[in-house]
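Let me begin by presenting the structure, written as structure tokens, before commenting on it.
The values are calculated or read from the model by the stated rules, or taken from the named source; none is laboratory data. All values derive from a computational prediction rather than experimental measurement. Using ideal geometry, Cβ is built from the backbone for each residue, glycine included, and neighbour counts are taken over all protein chains shown. For the accessible areas, the whole protein counts, side chains as well, though only heavy atoms, and no ligand, DNA or RNA atoms are used. Shrake-Rupley method; radii C 1.70, N 1.55, O 1.52, S 1.80 Å.
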Amino acid sequence: MNGVPLDHALVLASILFTLGLAGLMIRRNMVFVLMSLEIMLNAAGLAFIAGGTAWGQPEGQAMFLLVITLAAAEASVGLALLIQLNQRFKTLDTDAVSRMRG
């Protein structure tokens, strides 16, 4: 296999996933929460691509296409929620979500 070894790619994916998880748990701003979710999805996609390349199977690329589709859906729903939060409460704090009704 030419290129990046599997161990290095998986270590990078785990570091990215950990950074995304930390950002998700620590931050209260909705923009940072959405960015952290995107980092976590990209880390999972990187792990799928690295595994598929190491074993010579195309399933890693197929799963990465699924991850990209999921990320696009998550971004559209998240941005719609972000617009609603900003219009109703003039804040992007995630605690304001508990006050939303109907």
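Odds and ends about this structure:
- For the chain, the mean residue ellipticity at 222 nm estimated from helices alone is -27000 deg cm²/dmol, where every DSSP H run of n ≥ 4 contributes -39500 (n - 2.57) and the total is divided by all residues, rounded to the nearest 500.
- The stretch 35-102, accessible surface, carbon-and-sulfur percent (1.4 angstrom probe): 68 percent
- With Cα atoms as the point set, the chain shows a radius of gyration and Dmax of 16.8, 54 Å.
- Furthest towards positive pole of dipole, Leu92, Ala73, Thr18, structure part the chain, Cβ charges: Leu92
- Each Cα pair of the stretch 47-102 feeds into the Kirkwood radius, which the Stokes-Einstein equation turns, at 20 °C and 1.002 mPa s, into a diffusion coefficient of 157 µm²/s.
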